[in-house]
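To keep things clear, I will list the structure first and then write my remarks on it.
The values are calculated or read from the model by the stated rules, or taken from the named source; none is laboratory data. Please read all numbers here as calculations on a predicted model, not as lab measurements. Backbone-built Cβ (ideal geometry, glycine too); neighbour counts: all protein chains shown.
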Amino acid sequence: MSSTDTPTFDELIEACTRSAVHLEMRDAYGVADEAADFERWRATGERDTDPASEYWAPWVDLISRTRARGVVVRRARIVSEPVTDYIRYEHAGTTVNVAAGEQVRWLPRRQASDVALPGNDFWLFDGQVVHWNHFTGDGASAGAEITDAKEAAKLCASAFEAVWDRAIPHDQYKL
């Protein structure tokens, strides 16, 4: 895949025909577009869980269209316990991910010790294209990187399936 024709995330998921899997491994993120919602949640305990809200609607639409094409969308999160405030915030909003059609599971980090994991969060599309998510030390987005390298895709697929097999479905994971 050449760097001159790097597809966007939306283009990657829209080109998917079978599966899109996402592995998250950080205990806190500092992504700018959710900062206000996170701070409101910390202050009030209230989370935006309206699938039609300005925050959620683009994601819900994208995942709903993806699922309508028959693509299976799964997300797994490896989390330290006790969980951080950020993970509590994520957990509170995951009902929207599930309503949009994602399958979501949670794996306590202690249960992932013997899983070979890549160094970064990722999306894997149709088992072939990896969309790495890079973050700074404080959790801010540091950009993405896309590869179709077979060994990277193989590592991500193996790691994701190992985590998924051990992880707890969202509706059963208690904080």
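Scanning region 70-90 for residues that are surrounded by 14 or more Cβ atoms within 10 Å (Cβ to Cβ) and part of a helix (DSSP H, G or I) gives Tyr86, Ile87, Arg88, Tyr89, Glu90. Applying the criterion of being among the acidic types (Asp, Glu) and assigned to a loop (DSSP other than H, G, I, E, B) to the residues of region 91-148, the residue that is farthest from the chain's Cα centre (by Cα) is Asp114. Taking each residue of region 102-124 that is over 15 Å from Cys156 (Cβ atoms) and looking for partners that are hydroxyl-bearing (Ser, Thr, Tyr) and assigned to a loop (DSSP other than H, G, I, E, B) with beta-carbon atoms closer than 7 Å, six or more apart or interchain, yields Trp106/Tyr173; Arg109/Ser80. Here Asp48 fulfils each of the conditions (1) surrounded by 13 or more Cβ atoms within 10 Å (Cβ to Cβ); (2) in contact with a Ser or Thr (Cβ under 8 Å, 6 or more places away or on another chain); (3) at negative phi apart from (2). The residue that is nearest to Phe160 (Cα to Cα), counting only those in region 51-69 that are touching a residue at least 12 places away in the same chain (Cβ under 8 Å) and in a loop (DSSP other than H, G, I, E, B), is Arg69. Can you spot a residue in region 15-35 that is basic (Lys, Arg), at pLDDT 95 or above, surrounded by fewer than 20 Cβ atoms within 10 Å (Cβ to Cβ) and within 26 Å of Ala153 (Cα to Cα)? Checked against the condition, which is being basic (Lys, Arg), at pLDDT 95 or above, surrounded by fewer than 20 Cβ atoms within 10 Å (Cβ to Cβ) and within 26 Å of Ala153 (Cα to Cα), region 15-35 yields at least one hit. Take the conditions over 17 Å from the mean Cα position of the chain (by Cα) and in a loop (DSSP other than H, G, I, E, B) and apply them to Glu39. Does it pass? Here the answer is no, as Glu39 does not meet what is asked.
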